[in-house]
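Trainee: I'd like to ask some things about the structure below.
Read-outs: derived from the displayed coordinates by stated rules, not from any lab. It should be emphasised that the depicted structure is a prediction, and the values quoted were computed from it without experimental measurement. Here the Cβ positions follow ideal geometry from the backbone for every residue, glycine too, while neighbour counts run over all protein chains shown.
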Amino acid sequence: MRSTTLQSLLFLAGATLSFASPVWPHYSVDNEHLEVLALRASTAVNPAAVSDVTCTDPNVKIVSHDQNVAELGICGGIAGSIQKCGGAPQTTTGKSGSAEFTLSTATKGATINISKGRWEQCVRAARAICPTGSMKGTCAGGASSGDVNFTLDSPL
């Protein structure tokens, strides 16, 4: 008798649990993702700033902050009051953590003299096409003659 009572009690306890409210999964989004979405929503994108943009690997993990630091790291650094690429290089890189930009002139013999504003506009327009991962394309202008080719990849 005792065994039957215990079995009945366990059965009722199980039945009570099965009628409880379901537990729904909770999804969360990293703050970094929300910050990137807010930034993209608040800045104008000029599609004419780039051409031939190709998303090379959308699964490459490039941290937004690293991309921003690498973006301003081209030409030895264009952060702060520096408004233009100096030194007239034919190629340059900007690297930080998970992000590395490589720029080169599209016209042989030209030099890179891209302004900070043009470069930032180019990257924003390219990211509108390739929101994640690595990419390559061409910035309109930004060289002593013609355009500037760029790649964004992860050195990791």
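Trainee: How do the strands (runs of 3 or more DSSP E) wholly within segment 88-156 filter down when requiring 1 or more residues that are crowded, with 16+ Cβ neighbours inside 10 Å and in contact with a Lys or Arg (Cβ under 6 Å, 6 or more places away or on another chain): which remain? Reasoning before the result, please.
Mentor: Numbers: elements: 91-96, 99-105, 134-142, 147-153.
Because the criterion is at least 1 residues that are crowded, with 16+ Cβ neighbours inside 10 Å and in contact with a Lys or Arg (Cβ under 6 Å, 6 or more places away or on another chain), the strands (runs of 3 or more DSSP E) in segment 88-156 that meet it are 134-142, 147-153.
Trainee: I need the full set of residues from segment 70-87 which are assigned to a helix (DSSP H, G or I) and surrounded by 17 or more Cβ atoms within 10 Å (Cβ to Cβ), in order please. Talk me through it step by step, then tell me what you get.
Mentor: From segment 70-87, those assigned to a helix (DSSP H, G or I) are 70-71, 74-76; that's our starting set.
Once the filter is applied, which keeps residues that are assigned to a helix (DSSP H, G or I) and surrounded by 17 or more Cβ atoms within 10 Å (Cβ to Cβ), segment 70-87 yields ALA70, GLU71, ILE74, CYS75.
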